[in-house]
Amino acid sequence: MDFDNLFNAQLNQLKEEGNYRIFAELERKCGAFPRAKNHSDGADEVTVWCSNDYLGMGQHPKVRKAMKDAIDQYGAGAGGTRNISGTNHAHCELEKELADLHGKESALLFTSGYVSNWAALSTLGSRLPNAVILSDELNHASMIEGIRHAKCQKVIWKHNDPEDLDRKLATLPANATKIVAFESVYSMDGDIAPIAEILDVCEKHGALSYIDEVHAVGMYGPRGGGVAEREGLMDRITLIEGTLGKAYGVVGGYITGSAALCDFIRSFASGFIFTTALPPAVAAAAKVSIRHLKESQIERAGQRRQVALLRKLLDQRGIPHMDNPSHIIPVMIKDPVKCRMLADILMEDWGIYVQPINYPTVPKGTERLRFTPSPLHSDEDIHHLVDALSALWKQCAIAHAVA
């Protein structure tokens, strides 16, 4: 059997639909974020507009120094899984920092935010008696995968709809262990969950509350603890999950909660037990990044300013973007081929890098360009971006927003 023919048939279908993903080969310039050298076709240097390094902490001098110092102190790798020689002092120090960030007894590190969701949800759902996981319909793929591997009963509730959640919890048997899984900031639309109302429903039905704050940690709250910290709700949430790979600028995921909960996941989650631990240098850099953002408001204030400026200029030019209360600015194209074409022209002719967001990441007909302004994007960068979008809107005959 010619397996390559089987592979290529499905790849060609993706290309015909306009949903084939092309990765830009970029070389981030240390100390020059959001600039990057482009090794793909087009401009030699580009401005990155779709990074999840929301605050530029991946190139912060303190974070870089911590990582370099830790390599000299610990070496490059962890040496094994956490169970087999891989638990390093730097991991334990970072877990203490994370527990403090969220006001919890304990924390547990994973190699990525994807793995932390997958491992935690699959373990909770598979090992708690008569478990039922109630999942917001727009939850991330990592949460969906964790729920699938749990092999317990699942119930999907309408996005950000506490009343629908209440109705569905009310139908479950009294002996069910109820787990409500949702996000704070949804990364594609940029909307924010009504956390207090969801927690009211969880408490009414005795449900475990599980919140994914990956797009919020570092960004919201007086110490960067996320939307739940900003709204004074962290103490009401059973499990808070987050990432080190976005606002904190490195890589890794984590959960926080009671000591018993974290020990439970540590002891039973295959995605934790059988995975080589994060390099100690990554953990050391993450600790410094978290500690810095607990105290510094400069990065968050600068980022909010640039988000507001971009939204204002897009409105002035009539370029349609989703109105949401977060830092994520989706500019709606609603056509996969045009979305890819616009991204290519922006890269080649304007030196602007933004990745098109197409199906299956978003539903068909909702394709968009997703912009994430950072405090390191200058006003000139923002004006250049809006000039480019305005020119392309006319060139490509895309409808403007109604004033």
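The values are calculated or read from the model by the stated rules, or taken from the named source; none is laboratory data. This one's a predicted model, so the numbers in the text were calculated from it and none came from an experiment. In this analysis, Cβ positions are derived from the backbone assuming ideal geometry, glycine residues included, and neighbour counts consider all displayed protein chains. These accessible areas exclude ligands, DNA and RNA; they are computed on the full protein's heavy atoms, side chains included. Shrake-Rupley method; radii C 1.70, N 1.55, O 1.52, S 1.80 Å.
Points worth noting:
- Selection within segment 225-247 - open to solvent by 40 Å² or more (accessible area, probe 1.4 Å) and closer than 14 Å to C202 by Cα: D235, R236, T238
- Filter pass, T47 being among the hydroxyl-bearing types (S, T, Y), surrounded by fewer than 16 Cβ atoms within 10 Å (Cβ to Cβ) and either at pLDDT 95 or above or under 25 Å from L310 (Cα atoms) (or both): no
- Any chance I328 is closer than 16 Å to L392 by Cβ and either hydrophobic (A, V, I, L, M, F, W, C) or open to solvent by 30 Å² or more (accessible area, probe 1.4 Å) (or both): no
- Residues located in segment 271-301, provided they are polar (S, T, N, Q) and crowded, with 17+ Cβ neighbours inside 10 Å: T275, S289
- Top-ranked residue of segment 190-240 - restricted to ones that are hydroxyl-bearing (S, T, Y) and touching a helix residue (DSSP H, G or I) at 6+ places or on another chain (Cβ under 6 Å), ranked as nearest to M57 (Cα to Cα): Y220
- Tally of residues being of a type in the set (D, E) and either under 23 Å from the mean Cα position of the chain (by Cα) or not in a helix (DSSP H, G or I) (or both) across segment 287-346: 4
- K104 vs. criteria open to solvent by 10 Å² or more (accessible area, probe 1.4 Å), at pLDDT 95 or above, assigned to a helix (DSSP H, G or I) and under 17 Å from V217 (Cβ atoms): no
- Matching residues in segment 68-98 - criterion: being buried (at least 21 other Cβ atoms within 10 Å of the Cβ), of a type in the set (A, V, I, L, M, F, W, C) and under 25 Å from G271 (Cα atoms): A78, A90, L94, L98
- Of all residues in segment 367-396, those being over 16 Å from I345 (Cβ atoms), without any contact (Cβ under 8 Å) to a residue 24 or more places away in the chain and in a helix (DSSP H, G or I) number 1.
- The set of residues from segment 183-224 being open to solvent by 20 Å² or more (accessible area, probe 1.4 Å) and closer than 18 Å to I290 by Cβ comprises Y220, P222, R223.
- Residues within segment 354-368 that are surrounded by fewer than 23 Cβ atoms within 10 Å (Cβ to Cβ) and not basic (K, R), tallied: 9
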